[in-house]
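Colleague: I have a structure I would like to understand better, so I am pasting it below and will then ask my questions one at a time.
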Amino acid sequence: MEDMDTRALDAKYYMPAFGRTMKIVRGRGSCVWDDAGNEYIDCVAGIAVCSTGHCHPAVVEAIRWQAGELIHCSNLYYVPNQAELAEKLVEITGLGKAFFSNSGAEANEGAIKLARVRTGKKEFVAFTHGFHGRTCGSLAVTHKPAIREPFAPLEPACTFVEYGDLDGVAEAVNSTTAGVFVEPIQGEAGVIIPPDSFFKGIREICDDAGALMIVDEVQTGIGRTGEWLGIQHTGVTPDIVTLAKGLASGFPIGALVAREGLEFQKSEHGSTFAGGPLACAAALATLGVVEEILPDIPRKGERFRRGLAAHNPRVRGLMIGISVGERCPEVQQRCAAEGVLVNCAADGNLRLVPPLVITDDEIDRVAGVLNAALD
Ligand SMILES: Cc1ncc(COP(=O)(O)O)c(C=O)c1O
């Protein structure tokens, strides 16, 4: 076979669904290196995935050990680490039982199915600028016209309400509504943080209508915001929570956790790979690391807030958004040239979701580079 570099191979053999630039070949802690040996502080972190940093020794060791024992066995059997992980997720969410998937979109698919089968209702309410995944079901509750319209018609039927508009929610939710899908902070939209009263209001409207409140914590969960869940800042308890990204430090896994009594019965849902021994081992190790660093995350967020104060950042824990406008891609490039990876989310919003292990020195360096790029 002819000798081609990765970029040429990718162009020839991989479908061009992503706009790729650099090739990252190694990661440790908050840093990654590209194939030319350049070092970056990684405030993208696999898009809020590498929660414990790159290649955390505890996560690497858990995967290595489990890989030597049993990689896969099927959900036909009791799976090593699976019940222990379910117990831990129930403990941190305060809900009743868990079910695993392989991604965030799939966790939301599960939530759609669970809401339909237990309520007997078919329709959903979700929010403008919200993002819940790319599978047909999760896309049906995702708002952005550019990514959903080419695939219409999508099921389930979903009514979209302006994010933050409680009157709109009250109007949209009715006796046919199985559930309301909401992110505690909209991540893909660029870190949009509504007031706590919004979530309290959704809870009340769902209770009155007999609809389920489904909180998508795929991006905000597992310590990202300084609590285990983003919704825990608001004092509201949802019926279903979905998780993925930060749960296993980059090993693919998703989960839904539902309140007591809300569960799949035999044969109602399933998956070959979901909740396998390796994924659960990586997740358990990740949760152990996050538990230790969780109390310090709000302080780190405040350090970012102070460092970036000139640009009015929206900050909750280590989820940070800055409105930059059309200069966003240019700012992203300038930061990369200075050794800091950041990412443009929707509508000219710069998003920072660094590893939760980021150090004070790294935060200060990121703030310095960003301020220079923004000025
Ligand atoms: C809030 C939210 N939900 C769901 C998803 C989809 O997750 P996945 O890409 O793992 O399918 C994402 C991904 O960005 C997300 O941010």
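The values are calculated or read from the model by the stated rules, or taken from the named source; none is laboratory data. Here the structure is a predicted model, which means the values were calculated and not measured. Here the Cβ positions follow ideal geometry from the backbone for every residue, glycine too, while neighbour counts run over all protein chains shown. To get the accessible areas, we keep the full protein, side chains included, count just its heavy atoms, and leave off ligands, DNA and RNA. Shrake-Rupley method; radii C 1.70, N 1.55, O 1.52, S 1.80 Å.
Colleague: Could you tell me whether GLU91 is more than 16 Å from the ligand (Cβ to nearest atom), within 29 Å of GLY301 (Cβ to Cβ), in the same structural domain as PHE124 (by TED's automatic domain parsing) and open to solvent by 50 Å² or more (accessible area, probe 1.4 Å)?
Modeller: Considered against the rule, which asks whether it is more than 16 Å from the ligand (Cβ to nearest atom), within 29 Å of GLY301 (Cβ to Cβ), in the same structural domain as PHE124 (by TED's automatic domain parsing) and open to solvent by 50 Å² or more (accessible area, probe 1.4 Å), GLU91 comes out as yes.
Colleague: Related question: ARG64 - would you say it is at pLDDT 95 or above and either within 16 Å of the ligand (Cβ to nearest atom) or under 27 Å from ASP207 (Cα atoms) (or both)?
Modeller: Working: at pLDDT 95 or above: yes; either within 16 Å of the ligand (Cβ to nearest atom) or under 27 Å from ASP207 (Cα atoms) (or both): no.
Considered against the rule, which asks whether it is at pLDDT 95 or above and either within 16 Å of the ligand (Cβ to nearest atom) or under 27 Å from ASP207 (Cα atoms) (or both), ARG64 comes out as no.
Colleague: Tell me the helices (runs of 4 or more DSSP H) entirely within region 277-375 that contain at least 3 residues that are more than 20 Å from ARG28 (Cα to Cα) and in the same structural domain as VAL49 (by TED's automatic domain parsing).
Modeller: Ranges flagged: 297-307, 328-337, 360-374.
Colleague: Tell me which strands (runs of 3 or more DSSP E) are completely within region 96-183 and hold 1 or more residues being within 20 Å of ALA346 (Cβ to Cβ), or say none if there are none.
Modeller: The strands (runs of 3 or more DSSP E) meeting that bar are 123-127, 158-161, 177-182.
Colleague: Continuing with the same structure: Suppose we keep only residues that are of a type outside the set (D, E, K, R), under 14 Å from GLU263 (Cα atoms) and under 24 Å from the mean Cα position of the chain (by Cα) within region 103-126. Which one would you say is nearest to the ligand (Cβ to nearest atom)? Working first, answer last.
Modeller: Looking only at region 103-126, we keep the residues that are of a type outside the set (D, E, K, R), and these are 103-105, 107-108, 110-112, 114-115, 117, 119-120, 124-126.
Then keep just the ones that are under 14 Å from GLU263 (Cα atoms); that gives 107, 110-112, 114-115, 117, 119-120.
Okay, now just the ones that are also under 24 Å from the mean Cα position of the chain (by Cα), so 107, 110-112, 114-115.
Numbers: ALA107: 8, GLY110: 12, ALA111: 10, ILE112: 12, LEU114: 16, ALA115: 16 Å.
Here the residue is ALA107.
Colleague: Still on this structure, I have one more. Just to be sure before I move on: is GLU204 closer than 27 Å to LEU287 by Cβ, at pLDDT 95 or above and of a type in the set (D, E, K, R) in the structure I sent?
Modeller: Answer is no for this residue.
Okay, residues lined up against (1) outside the structural domain of ALA283 (by TED's automatic domain parsing); (2) touching a Ser or Thr at 6+ places or on another chain (Cβ under 9 Å); (3) surrounded by 13 or more Cβ atoms within 10 Å (Cβ to Cβ):
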{"residue": "ALA11", "(1), (2), (3)": "yes, no, no"}
{"residue": "VAL32", "(1), (2), (3)": "yes, no, yes"}
{"residue": "ASP42", "(1), (2), (3)": "yes, yes, yes"}
{"residue": "SER51", "(1), (2), (3)": "yes, yes, yes"}
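Colleague: Based on what the data block shows, is CYS55 in contact with a strand residue (DSSP E or B) (Cβ under 8 Å, 6 or more places away or on another chain) and open to solvent by less than 30 Å² (accessible area, probe 1.4 Å)?
Modeller: The answer is no for CYS55.
Colleague: Restricting to region 128-146, and then to whatever is open to solvent by 10 Å² or more (accessible area, probe 1.4 Å) and out of contact with any helix residue (DSSP H, G or I) (no Cβ under 9 Å at 6 or more places or on another chain), can you tell me which residue is farthest from the ligand (Cβ to nearest atom)?
Modeller: Result: PRO145.
Colleague: While we're here: Out of (1) in contact (Cβ under 8 Å) with a residue 40 or more places away in the chain; (2) over 25 Å from LEU262 (Cβ atoms), the odd one out for GLY164 is which?
Modeller: It fails just one condition, (1).
Colleague: What's the number of the condition ALA211 fails, among (1) surrounded by 24 or more Cβ atoms within 10 Å (Cβ to Cβ); (2) within 28 Å of LEU356 (Cα to Cα); (3) out of contact with any helix residue (DSSP H, G or I) (no Cβ under 6 Å at 6 or more places or on another chain)?
Modeller: (2)
Colleague: Next question, about the same structure. Filter region 160-188 down to the residues that are farther than 29 Å from ILE222 by Cβ and surrounded by fewer than 18 Cβ atoms within 10 Å (Cβ to Cβ), then identify the one that is nearest to the ligand (Cβ to nearest atom).
Modeller: Within region 160-188, the first condition is being farther than 29 Å from ILE222 by Cβ, and the residues that meet it are 167-168, 170-172, 174-176.
From the residues that got through so far, the ones that are surrounded by fewer than 18 Cβ atoms within 10 Å (Cβ to Cβ) too are 167-168, 170-171, 174-176.
Working: ASP167: 24, GLY168: 20, ALA170: 24, GLU171: 24, ASN174: 25, SER175: 27, THR176: 24 Å.
Filtering first and then ranking leaves GLY168.
Colleague: Please go through region 214-252 and pick out each residue that is open to solvent by 10 Å² or more (accessible area, probe 1.4 Å), β-branched (Val, Ile, Thr) and near the ligand (Cβ under 10 Å from one of its atoms).
Modeller: Of everything in region 214-252, just one residue is open to solvent by 10 Å² or more (accessible area, probe 1.4 Å), β-branched (Val, Ile, Thr) and near the ligand (Cβ under 10 Å from one of its atoms), namely VAL218.
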